[in-house]
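Visitor: Okay, here's the structure, questions in a sec.
Values in this text are rule-based calculations from the coordinates and carry no lab data. Since we're looking at a predicted model, the values are computed, not measured. Neighbour counts are summed over all protein chains in view; Cβ atoms, including those assigned to glycine, are modelled from backbone coordinates with ideal geometry.
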Amino acid sequence: TKEVPASDEALAYRNEHLSSILSVSYKKPIYMERAAFQYMYDRYGNTYLDAYNNIPHVGHMHPKVVEAGQRQMAQLNTNTRYLYDELPKYAEKLLSYFPKKLNKVFFVNSGSAASDLAMRLATTHTQKEQLLVMEHGYHGNTQKGIDISHYKFGNSKGQGQRPHILKATIPDTYNGPYQNNDGTAGKQYAEDVIRMLQDQNADIAAFITEPVVGCGGQVPLAKDYLKTLYPYIRSQGGVCISDEVQTGFGRLGEVFWGYEAQEVTPDIVILGKPIANGHPMGAVVTTTEIAASFEQGVEFFSSFGGNPVSCAIAESVLEVMEEEQLQENARLTGLHYTQQLKELQQTYACIGDVRGSGLFLGAEIIDPSTGKADTEMASYIKNYLREKYILISTDGPYDNVIKSKPPLCFSKRDAEQTVETIAEALQKYYE
Ligand code: PMP
C-alpha cells in the first residue's frame, strides 16, 4: 500500500513547482481528498463540516450538477462561433432572474474576467475614465481588477491608488462614523461621497461595489446608501455596477441579488463563483444600450466563455436552487444561525458585531476592553474550529471578522454545531 504523505510534505511538493504566493488556509493546511454537499473529507478519513465555501453553492459535487456536466461533456463542447442551444437557453433562464432592463449577458470564465469586462463596457459606453470604487472592495486579479480593488492596491505590499481611481469610504454602521442604520447613516455616507466627487470635479465612468463587502469583513452597505448614491452617479453620466460574485444567487436569503436589498437596479452586474458550483464561469449582465455601445468596437470573443458544458452546468445549478428551495433554506437557516450567534454575543463581549443575512454572515471579534479588532482571537477561533473539523475563515482589514458562507444546503443543526463549537473555543480560552 502507498504511504499517505503528510500535509507538510504535500505542501513542500507543491512549492517545488508552484509559487509560494499561493497561500494555504490554516497553520496546519488540510490535505483534501473529496467532498459531498456541506462536507469535505481529508486524506486521513476526517469529515469536515464546510461552513465556509460559497463556490459549491448548491452543495459540493451535487449529483444533478455532476450529471449535467458529464452528459454535456460526452456530447458537445465547443465555442460561441457555432450555434448550439445550451447558450441561449441558459442565457434566457439566467436573465429571467433579473429585471427586464437587464437583458444582455456576456459569459467568461471567472469573476476577474467578468469585472475586467464590466470596466470595458462602462468606459466604452460612457467614454469616461474615472472609476469610483469601494474601500476594502475586491473585484479580481487582472490589472484592471487590481486597479479597482482597494483590498489589493491599498495593501501595504500593493501598488497604491492609480490617478483615475476614486475611493468611497465604506458605509459601515458598526465601525464607521455614522451608525444609525434606519437610512440616516446610508444617506450621510452617500452624501459625503457626492461632496468628495464634487470637490474633485470628478467625471465618473462607473461606480462599482459589492452589496455586502466580503473581503472588507462581511460589511452590508448601510441602508439607503445605493439609493442615494446611484442617482448622483447617473446624473453626471456614469453607470452603476453591482459585483454579485459573492452575494448573488439567493445566498442572502431575502433577496436573490444583493442589490435588491438596497432597492436599486444596477446598469451592470458581475457574476462568478456560485454560478456553476465551482466549474470556472463568470458572467456580465447589462442593458441593451450598454451592450450596443460595446458592439461598435472590436469583436468580443472568449474561447471558453459560454461553452455548452459550462452552460449545462450553470443551468443545473438554477434548477437545483428551485427544486430544493435553497434560497428559502438560506433565509431560514441564516436567521437561526444569526440568532444563535447573537445569543453567544450576550455571553462573550469579544463578539463585537454579528452581521450579514442568509448564509453570508460575519462575526467581528474585538478586544472588549478597548473595542479594537482582535486578530489573534479570531485566528484562535478559526484554528480551534479546524481542529474540531469545521471550516470557517477570517477576513477584513484587520483579519478579525469570522466569515461563514457555506453551501446553501447547510442545515439549522449545522449552524448550531458551528456556534456550539465557537462557544467551546471561547469557554476554553477564558477558562
Ligand atoms: N468579485 C468578488 C466580490 C470576489 O469575491 C471575487 C473572488 N474572491 C472576484 C470578484 C474574482 O473572482 P475570481 O476569483 O473568480 O476571478
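Visitor: Based on the Cα coordinates of the chain, what is the per residue volume of their convex hull in Å³?
Guide: On the way: hull volume 68.3 nm³, N = 431.
Per residue, the Cα convex hull of the chain comes to 158 Å³.
Visitor: In this model, which of LYS342/LYS405; LYS101/LYS227; LYS128/LYS273; LYS27/LYS412; LYS157/LYS227 are farther than 23 Å apart at the alpha-carbon?
Guide: Beyond 23 Å: LYS128/LYS273; LYS27/LYS412; LYS157/LYS227.
Visitor: Among bridges DSSP assigns within the chain, what percent are antiparallel (round to 5)?
Guide: Working: 34 of 52 bridges.
Restricted to the chain, the bridges split so that about 65 percent are antiparallel.
Visitor: What's the extension gain from ALA292 to ALA36 if we count 0.36 nm per residue and subtract their Cα-Cα distance? The partial results should precede the final answer.
Guide: Numbers: separation 256, 0.36 × 256 = 92.16 nm, distance 4.25 nm.
Once the chain is fully extended between ALA292 and ALA36, it gains 87.9 nm.
Visitor: From a point 7 Å beyond the Cα of SER156 in the direction of its Cβ, which residues of region 393-408 have a backbone N at a distance under 16 Å?
Guide: Inside the label zone: 396-400.
Visitor: How much length would be gained if the chain were fully extended between GLU324 and TYR44, taking 0.36 nm per residue of separation minus their Cα-Cα distance, in nm to one decimal?
Guide: On the way: separation 280, 0.36 × 280 = 100.80 nm, distance 3.16 nm.
Length gained between GLU324 and TYR44: 97.6 nm.
Visitor: Continuing with the same structure: Going by C-beta contacts inside 10 Å, put LYS167, LYS100 in order with the fewest on the left. Provide the component values of the computation, followed by the final result.
Guide: Details: LYS167 19, LYS100 8.
So the residues, fewest neighbours to most, are LYS100, LYS167.
Visitor: Among GLY297, TYR380, THR333, whose Cα projects farthest towards the positive end of the dipole of region 287-431, with charges put on the beta-carbon of Lys, Arg (+1) and Asp, Glu (-1)?
Guide: TYR380
Visitor: Amide H neighbours of THR209 under 5 Å, counting only residues 5+ apart in sequence or on other chains, H built in-plane at 1.01 Å?
Guide: ILE241, ASP243
Visitor: Based only on other Cβ atoms within 10 Å, what is the fewest-to-most ordering of MET321, MET32?
Guide: On the way: MET321 22, MET32 12.
In increasing order of surrounding Cβ atoms, one gets MET32, MET321.
Visitor: While we're on this one: Report, by chain and number, residues whose modeled amide H sits under 5 Å from the one on LEU166, excluding near sequence neighbours (fewer than 5 apart, same chain).
Guide: LEU131, LEU132, VAL133
Visitor: Would you mind checking region 32-49 for residues with the amide N under 18 Å from a putative spin-label position 7 Å along Cα→C-beta of SER411?
Guide: 36-41, 47-49
Visitor: So, one more: Set the Förster distance to 35 Å, then compute FRET efficiency between ASP8 and GLN143 from the Cβ-Cβ distance, nearest 0.05.
Guide: Details: r = 34 Å, r/R0 = 0.98.
For R0 = 35 Å, the calculated efficiency reads 0.50.
Visitor: Taking the Cα centre of the chain as origin, work out the dipole magnitude from +1 charges on Lys and Arg Cβ and -1 charges on Asp and Glu Cβ, in debye rounded to 20. Provide the component values of the computation, followed by the final result.
Guide: Numbers: 40 positive and 52 negative charges, 93 e Å.
Roughly 440 debye for the chain.
Visitor: Report the extension gain between GLN236 and THR124 in nm, rounded to one decimal, defined as 0.36 nm multiplied by the number of residues separating them, less their alpha carbon distance.
Guide: Values: separation 112, 0.36 × 112 = 40.32 nm, distance 1.58 nm.
Here the answer is 38.7 nm.
Visitor: Now a separate question. What list do you get for TYR151, TYR97, TYR174 if you sort them by fewest beta carbons within 10 Å?
Guide: Ranking TYR151, TYR97, TYR174 by Cβ neighbours within 10 Å, fewest first, gives TYR97, TYR174, TYR151.
Visitor: Under 12 Å between alpha carbons, and skipping anything fewer than 8 positions from LYS152 in its own chain: which aspartates and glutamates qualify?
Guide: GLU135
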